[in-house]
Amino acid sequence: MNKKLLCAALLSGLAVAQTASAQDYDDRWYLTPGVGFNVQDNQRGTNNAPFVALGFGKNLSSTWSLDAQLNYQKPTFGNQRNNLRNPATAGAVSGFAQDQNWSQYGVSLDLRRHFRAEGRNWNPYILMGLGYQRSEEEFDAYPSPVSPGERKDGNLAAKIGGGLEGDLGPVRTRLELAYRADFDDSSVANPDESWFGDVLASVGFVIPLGPEAEEAAPPPPTPPPAPNCADKDSDGDGVNDCNDKCPNSQAGEAIGPDGCKVAIAIDLKGVNFDFDKATLRPDAVAILNEAVEILKRYPDLKVEVAGHTDLCGNDGYNQSLSQRRSQTVYDYLTSNGIDSSRLAGPNGYGESRPLVQTEQTSPACRNETNRRTELNVQ
């Protein structure tokens, strides 16, 4: 057989291999019986013949497996046998040559690279192997009285190929095409050849040994955590017991984040500030004018001017910023007829008294509600 054509046929068979994702694999040892057809190298002078094989192997991972395989084939000699060996006597002994025996058996270690994909029943693979092949060849020893002669010889063999592995449930099947190079350099039929190339087409089965591993039972669900003070509000004031520093406060009272009563404040709604600013916005003037009118209407009313910031930035900077904001409102009130004796402060509280609890990282911390100025009734 033309070896170039054999290589081309092999490469065409390997074209089915494609990249696929790995999946879980069966790590049990397995047997691999199989049968096939051996397309013999024409240079041997033998006919093509069936062969049998038996292997033993294991999946090393989801993508690799390793098999040790025994093989046996017994081709018959073709009419070209004597033409290869001795053209001068071909016609005289060709009939006898066809009655001579030729057999071959060996062992190989085959490594397969599988391309398995989840949910796919048939998956391609490629293989490469190295082994030992032994040939037993009878030949016409004429004019020796001891005829036929016999040659028994062993040599190295290498294999490359590919195939498809199908999942049939309890067993798997392999459809395989391989090319085996038999480095036999002492052939009687063709002593000038140093090696022969055979094509092996086969069908085999993968039979796992032992019971299939059972899937581990899922762990029991984690029990819910035991209730703690963060989940309790004994006095019903909306502050959990862990943070409640005044456990006897009542629901409906003005309660701060620490669970204690807080002084009622006149919130200058609308007197808010831009981020990182302490200057009044035009829309705040009307609100401050209303506060001026209220304070003039109730001359005995005294208030604290308190400035606040949101939760962005460090404490020291926010303390200074809140102080400047309260100073801005204080100056506006005094410049519009409110005596300073009626105003406590101005006081800055930084970020210590947020109305809305936010994260301390941007952009969540940029809360305009917290950037405010209050008039707290004294």
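Every number here is computed from the coordinates shown, using simple stated rules; none is lab data. Since we're looking at a predicted model, the values are computed, not measured. Every residue, glycine as well, gets a Cβ built from its backbone with ideal geometry; the counts of neighbours run over all protein chains shown.
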Calculated from backbone phi, Karplus (6.51, -1.76, 1.60) coupling profile of segment 326-340 in Hz, x at Gly/Pro
5, 5, 4, 5, 4, 5, 5, 5, 5, 6, 10, x, 8, 5, 5
State, as an integer percentage, the relative contact order of segment 168-256 based on alpha-carbon contacts under 8 Å between residues 6 or more apart.
20 percent
Under a point-charge model restricted to the Cβ atoms of Lys and Arg (+1) and Asp and Glu (-1), what is the dipole moment magnitude of segment 263-377 relative to its Cα centre, in debye to the nearest 20?
160 debye
For a quick check: sort Cys365, Cys246 by the number of other beta carbons within 10 angstrom, fewest at the front.
Cys246, Cys365
Taking K and R as +1 and D and E as -1, what net charge do the other residues with C-beta under 14 Å from the C-beta of Val146 add up to?
-2
Could you rank the peptides 27-33, 217-223 by their average count of other C-beta atoms within 10 Å per residue, with the highest value first?
27-33, 217-223
For Val203, what charge total do you get from the other residues with a beta carbon under 10 Å from its beta carbon, if Lys and Arg give +1 and Asp and Glu give -1?
0
Would you grab the residues whose amide H sits under 5 Å from the one on Asn47? Only those 5+ places off in sequence or on another chain, please, with H modelled 1.01 Å from N.
Thr76, Phe77, Gly78
For segment 182-236 and segment 274-329, what is the separation of their Cα centres, given in Å?
70 Å
Ascending count of other beta-carbon atoms within 10 Å, so fewest first, for Tyr349, Tyr298:
Tyr298, Tyr349
Going by how many other Cβ atoms sit within 10 Å of their own, how do Asp300, Asp310 line up, fewest first?
Asp300, Asp310
Of Lys74/Lys159; Lys232/Lys277; Lys277/Lys302; Lys245/Lys302, which ones are farther than 30 Å apart at the Cα?
Lys232/Lys277
